[in-house]
1. Roll a 1.4 Å probe over the protein chains and send me the accessible area per residue for the stretch 9-65 in Å².
2. Check which residues have an amide H placed less than 5 Å from Val24's amide H, if you skip close sequence neighbours.
3. Would you kindly calculate the translational diffusion coefficient of the stretch 100-146, applying Stokes-Einstein with the Kirkwood radius from alpha carbon pairs, for 20 °C and a viscosity of 1.002 mPa s, and quote it in µm² s⁻¹ without decimals?
4. For a quick protection proxy, order the peptides 96-102, 48-54 by their average other-Cβ count within 10 Å, most packed first.
5. Would you mind telling me the share, in percent, of accessible area of the stretch 46-150 contributed by carbon and sulfur at probe 1.4 angstrom?
6. Along the principal axes of its C-alpha atoms, what lengths does the stretch 1-156 span, in descending order and rounded to whole Å?
Amino acid sequence: MKQTEQVIQQTTMILPYFNEEVSVLCLPDGSRYIPVIALCEMFGLRADLHIPRWRTLMLWHHTRKLPWRMPSRRTQIVWCLNVGALPLWCNCFNWSLVTPSRQAQLQEATNAWLKATEQAHQEMLAEYREMRHRLFEFLLAYTYADKMLPRPALYLSLLLDNSDARMQLEGLVARGRDLIQQATHHARNILQAQDAMPIMDVVTLGKEGEIEEVGSQPLFPVVPRQERAQFYEYLKLLSDWHQEFAMFLRAADAR
């Protein structure tokens, strides 16, 4: 426990919407946890009755047992909830058990969290669609590029009377083909992974409750950050290659 305490920093924070100061345990990875007992005390809930029930819910996947320095200065190992899971926790008990003022705060917080979640989902969906558009655009442009590239390169090599220039051209063509093949393979893998995502149907209702439009979209519209970064890195490398090839052509034309 002493080793654990050395890497956990305890501080406090004011909970948004509830205007209450609570203890926060900060882990080395940046994650933050709030003692569940402290949350129960803040809302007037009996921790001994509710914690056994909550431990059967998916909510408990966001908890850890951590050493908490209590207001009495005594340290105790207690269940702590990840700060990010607070909206889940707020909907895991009967609001009638808390005061009317707390109920109003819970409603305000829930409405704000739902709005933020919807906005985040829309941003993710827009980013997903933009990425998908770029992937298809790239594949359309480079579908046969690696196979067609050697043909004009062969014609150009016949016009070059310098063996060094011909070797440079061969190297440029080989590097371009490798880049195109690697980027194409990467783009296809991303699209295949997207096709395996769960899809949900989305309907738009009219004023009378009738269905006006039916569509579909991925349940989790996310392209991993690392894969996005790798794709854009390939685009940069290809752009640099195009510029280098253009410079070679201009130099060869000037000879």
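1. 58 Å²
2. Result for Val24 returns Thr11, Thr12, Met13.
3. Details: Rh = 13.6 Å.
D, rounded to a whole number, is 157 µm²/s.
4. Descending packing order for the listed peptides: 48-54, 96-102.
5. Working: 3860 of 6780 Å².
Here it works out to 57 percent.
6. Principal-axis extents of the stretch 1-156 (Cα, largest first): 85, 41, 28 Å.
The values are calculated or read from the model by the stated rules, or taken from the named source; none is laboratory data. Computed from a predicted model, the values in this text were never measured in an experiment. So basically every Cβ, Gly included, is an ideal-geometry build from the backbone, and we count neighbours across all protein chains shown. Keep in mind that these areas ignore ligands, DNA and RNA; they rest on the heavy atoms of the full protein, side chains included. Shrake-Rupley method; radii C 1.70, N 1.55, O 1.52, S 1.80 Å.
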